Amino acid sequence: MRDPVDWVSYTFGLPEPAEAAAVRAAGIRQAGTVTSPAEARAATALGLDALVVQGPEAGGHRGTHRAEDPPGTLPLLELLAAVREVTALPLIAAGGLGDGAAIAAALGAGAVAVQLGTAYLRTAESGASAAHRRALVELDATTVTRAFTGRPARGLRNAFTDRHQGHAPAAYPEVHHLTQPLRADAGRRGDLAAMHLWAGTAHRRARTGGAADVTRDLWRDALRAG
């Protein structure tokens, strides 16, 4: 492999053993997303180098290894402890980490690093639409739904999720392709009642400004909280 990257990460499942071995042979380290101790065992057995432990508070798609599996509900800090019992790999905590106190708690629970997404959706560098940015502060509740894509994902609760939550099948990416024109039209109109608005439970804490400044402030707050 020419000019290999330092790391490869996986979500929605794991590579085949031969694929993981080929990546390892190229000198590339590998990280796998896990949402349960069982998934952590499988990733460890595959010889990965680190695990991203995604709690149910995370925004966007849940990283369950099978789309049909019901997503776990064990809170992130408890999930970190449960995963630590089955693996010695370094753990990266993800899900609902919107301020310094949450970051410090995750690091105190055994994570060696944290991964944030929703916290950056209002930054200058974010690709989120103006409507999505507005929804982060205007809408209160989030929900885990298959309504938009057929795979469980956490987003801001709106009329679309309320109407279709009980009817969407576990069919990804088929439902994703089916609803894509509807979502695109809603996005063009800025219709918060019909858009897919991925967001974690700490969405109200998403900060404005440059991403570097937000990162610095979050780390400073984490050091103070820790």
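The values are calculated or read from the model by the stated rules, or taken from the named source; none is laboratory data. Worth saying up front: this structure is predicted, and the values here are computed from it rather than measured. Positions of Cβ are generated from backbone atoms using ideal geometry, with glycine treated the same way; all protein chains shown enter the neighbour counts. Note: accessible area is taken over every heavy atom of the protein model, side chains too, but ligands, DNA and RNA are not part of it. Shrake-Rupley method; radii C 1.70, N 1.55, O 1.52, S 1.80 Å.
Looking at the stretch 176-201 only, could you name the residues that are under 22 Å from the mean Cα position of the chain (by Cα) and over 25 Å from residue 67 (Cβ atoms)? 192, the sole residue that qualifies. Collect the residues in the stretch 26-50 that are of a type in the set (A, V, I, L, M, F, W, C), modelled with pLDDT of 95 or more and surrounded by fewer than 23 Cβ atoms within 10 Å (Cβ to Cβ), keeping them in residue-number order. Of everything in the stretch 26-50, those that are of a type in the set (A, V, I, L, M, F, W, C), modelled with pLDDT of 95 or more and surrounded by fewer than 23 Cβ atoms within 10 Å (Cβ to Cβ) turn out to be 28, 31, 38, 42, 45, 46, 50. Any residue at all in the stretch 140-148 that's in contact (Cβ under 8 Å) with a residue 60 or more places away in the chain, polar (S, T, N, Q) and over 19 Å from residue 96 (Cβ atoms)? No. Going by the structure shown, is residue 149 of a type in the set (Val, Ile, Thr), on the phi < 0 side of the Ramachandran plot, within 21 Å of the chain's Cα centre (by Cα) and open to solvent by 80 Å² or more (accessible area, probe 1.4 Å)? Judged against the criteria, residue 149 is not a match.
Listed here are the residues, each with its yes/no results for (1) hydrophobic (A, V, I, L, M, F, W, C); (2) open to solvent by less than 30 Å² (accessible area, probe 1.4 Å).
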site: 75; (1), (2): no, no
site: 78; (1), (2): no, no
site: 81; (1), (2): yes, no
site: 100; (1), (2): no, yes
site: 104; (1), (2): yes, yes
site: 108; (1), (2): no, no
site: 111; (1), (2): yes, yes
site: 114; (1), (2): yes, no
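For the stretch 106-129, a residue qualifies if it is part of a helix (DSSP H, G or I), touching a residue at least 60 places away in the same chain (Cβ under 8 Å) and within 30 Å of residue 45 (Cα to Cα), and the qualifying residues are 107, 108.
Return the residues of the stretch 61-73 that are open to solvent by 50 Å² or more (accessible area, probe 1.4 Å) and in contact (Cβ under 8 Å) with a residue 24 or more places away in the chain; say none if nothing qualifies.
The answer is 66, 68, 70.
For residues that are of a type outside the set (Val, Ile, Thr) and over 12 Å from residue 116 (Cβ atoms), scanning just the stretch 204-216, find the one that is least open to solvent (accessible area, probe 1.4 Å). Selected residue: 210.
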